[in-house]
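A quick write-up on the structure given underneath.
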Amino acid sequence: MSDTLAGALSQLKKAASYTDVPDEVLEALSFPKEVLTARISVRMDNGARRSFEAWRCRYDDTRGPTKGGIRFHPDANLEEVVTLAFWMTFKCAVANLPYGGGKGAIRVDPSKLSRRELERLSRAYVHAFASMIGPDRDIPAPDVYTNAMVMGWMADEYSSLVGYPCPAVITGKPIPLGGSLGRDGATAKGGFYVLNNLLAEVGLENCERRAVVQGFGNAGATIAAMLHQDGWKIIAVSDTGGCVHDGCGLDPQKLAEAKKEHGSVIGYAKGVSGGKVTTMERDEMFALECDLLVPAALEDQITKDNAGAINASVIMELANGPVTAEADKVLEEKGVTVIPDILANAGGVTVSYFEWVQNRQGFYWTEEEVQHKLRPIMDRESAAIWRLSQKKSITLRTAAYVLGLERIAEAIQAHGTQNYFCP
């Protein structure tokens, strides 16, 4: 078992110690319900065939069909997929959505594929997992290195297989194919709502408003822009190309322009900003003195090796699992407040749920309606988790898992547990 999966399961056991749930609930949640591995064979542009390893996991469907993204990444593996599906199970419960957790992946570097090869691979994934996915069974969505275009190909392929249009099978699609307005940036917007709802509680109401954002993809770029517009000073940003830092503040719009032109935010330091910006390594960025650190890239970025150098008051996890279990203990001892991923980035799956609902109804909402429905959910659940953390004197992460566990346990018990079958 990988350290990441072991750390995730340790959160389950820790949460269980703060609530009274039957042992069979913990048994059910300690293992995924269904995992499928496939080798996908794709014809490349040069005429040769190439195979790719792929996975889909349905971790738990007690509360409803499973929901979770599909990532294309050269380091993807089975245990990562299972861990992400576990997190999705709790994330959906925390947001109180009628879903369980799922996840999928293909081990591939999409940057090395042509657009036609990428489309063939995306459609082949649907062929391989067609028996597993479905609008009432398992609903994929975009994740790392996948986007609306990929989801559109996948939804179209599934519709071709079943013989009728079925937009509800996948969320995060292009708007003309049944996507939802407000889906782009929903992860960051949900995190922004959570942050503002907890601002006073986590001690940021009267801070200097200095923020560091690790990962300048969809979520990271959006949260940087929203924070900047709200008066925060973005002092450092990074992506796969490196990190740029300016104590006086960076302009997210110019960062986005630099990334588009140069392929990385590093381009901001290569003349776009007039030479006022310095570059640094990831761990140097994590050690910057700031009020808010937002990891918005991949899991396992803050570890026991660099957690001790963290100099932020609050960490808000927009990525899935960016803080390891060992690092979590270090941060707790340092007094750093962590707003956990299963709350902070739940805006994405919440708006995916809205898209699924719209697809099934055939009735679509304006972007204003989507935001009007999203914010109350994020406010309600962040407030509930804060109250629970104060009541039980536990961290926000543990409180989030306790809340999610109690909701999942209620659903499992409603199906009938030992207490029902035995006198």
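Computed from the coordinates by the stated procedures, all read-outs in this text should not be read as laboratory data. All values derive from a computational prediction rather than experimental measurement. Every residue, glycine as well, gets a Cβ built from its backbone with ideal geometry; the counts of neighbours run over all protein chains shown.
Sorting 117-126, 261-270 by average packing, meaning the other beta carbons within 10 Å per residue, from highest down gives 117-126, 261-270. Using a cutoff of 8 angstrom between alpha carbon atoms and counting only pairs six or more residues apart, the relative contact order for the chain works out to 17 percent.
Electrostatic bookkeeping for Ala168 treats Lys and Arg as +1 and Asp and Glu as -1; over the other residues with beta carbon under 9 Å from its beta carbon, the sum is -1.
Recomputing P(r) over Cα pairs in 20 Å bins from 0, in percent from the coordinates shown identifies the correct label among (i) 25, 57, 18, 0; (ii) 27, 59, 14, 0; (iii) 24, 48, 23, 5, 0 as (ii). Hydrodynamic analysis of region 19-169 uses the Kirkwood radius over alpha carbon pairs. Inserted into Stokes-Einstein at 20 °C and 1.002 mPa s, it gives a translational diffusion coefficient of 136 µm²/s.
Under the definition of Cα pairs under 8 Å and six or more residues apart, what whole-number percent is the relative contact order of region 19-169?
Reported relative contact order: 24 percent.
Dipole magnitude for the chain: about 900 debye, using +1 per Lys or Arg Cβ and -1 per Asp or Glu Cβ, origin at the Cα centre. Roughly how many whole Å is it from the C-alpha centroid of region 123-155 to that of region 303-355? Going from one Cα centre to the other spans 27 Å. Its DSSP H runs of at least 4 residues, each contributing -39,500 (n - 2.57), put the calculated 222 nm mean residue ellipticity of the chain at -14000 deg cm²/dmol, to the nearest 500. Ranking Thr324, Ala411, Trp55 by Cα position along the charge dipole of the chain, where only Lys, Arg, Asp and Glu carry charges on their C-beta atoms, puts Trp55 farthest toward the positive end.
When a/c is below 1.5 the answer is rounded, else prolate if a/b is larger than b/c, else oblate, so apply that to region 270-410 with a ≥ b ≥ c taken from the square roots of the Cα gyration tensor eigenvalues. Cα axes put region 270-410 in the oblate bin. Residue-wise HN-Hα couplings along region 310-323, as the Karplus relation 6.51 cos²θ - 1.76 cosθ + 1.60 with θ = phi - 60° gives them from phi, are 4, 10, 10, 7, 9, 10, 10, 7, 7, 7, 8, x, x, 10 Hz; Gly and Pro carry x. The Rg/Rh ratio for region 61-133, using Cα coordinates for both the radius of gyration and the Kirkwood hydrodynamic radius, is 1.04. Computed from the C-alpha gyration tensor, the three semi-axes of the ellipsoid equivalent to region 186-344 are 23, 17, 14 Å, from longest to shortest. The distance between label points at Gln253 and His372 comes to 2.8 nm (points 7 Å beyond Cα on the Cα→Cβ vector). With 0.36 nm allotted per residue and the present C-alpha distance subtracted, the Arg282-Glu208 stretch has 24.4 nm of extension available. Sorting Lys329, Lys233 from the fewest to the most surrounding beta carbons within 10 angstrom yields Lys329, Lys233.
The simple spin-label model puts a point 7 Å past each Cα toward its Cβ; for Arg50 and Lys334 those points are separated by 4.0 nm. The slack in the chain from Asp300 to Ala200, taken as 0.36 nm per residue of separation less the alpha-carbon distance, amounts to 33.2 nm. Computed FRET efficiency, Cβ-Cβ of Ala309 and His262, R0 35 Å: what is it to the nearest 0.05? After rounding, the FRET efficiency stands at 0.75.
Amide H contacts under 5 Å for Cys243: Met280, restricted to partners 5 or more places along the chain or on a different chain, H placed in the peptide plane at 1.01 Å from N. Assuming R0 = 25 Å, what is the FRET efficiency of Thr37 and Asn147, from their Cβ-Cβ distance, to the nearest 0.05? Efficiency, from the Cβ-Cβ distance: 0.55.
Under a Cβ-only charge scheme (Lys and Arg +1, Asp and Glu -1), can you give me the dipole magnitude of region 135-244 about the Cα centre, in debye to the nearest 20?
200
Residue separation of Asp75 and Ala130 scaled by 0.36 nm, minus their Cα-Cα distance, works out to 17.4 nm of gained length.
What ranking do 72-85, 156-169 get when scored by the average of other Cβ atoms within 10 Å per residue, highest first?
Ranking the peptides 72-85, 156-169 by packing returns 72-85, 156-169.
Any idea what the relative contact order of region 331-421 is, in percent, if you count C-alpha pairs under 8 Å spaced at least 6 apart?
Relative CO of region 331-421 lands at 34 percent.
Going from the fewest other Cβ atoms within 10 Å to the most, the residues Met316, Met132 appear in the order Met132, Met316. Ranked by how many other Cβ atoms sit within 10 Å of their own Cβ, fewest first, the residues Lys33, Lys67 fall in the order Lys33, Lys67. Only Lys, Arg, Asp and Glu carry charge here, each on its Cβ (+1 for the first two, -1 for the last two); on that basis region 43-187 has a dipole of about 200 debye about its Cα centre.
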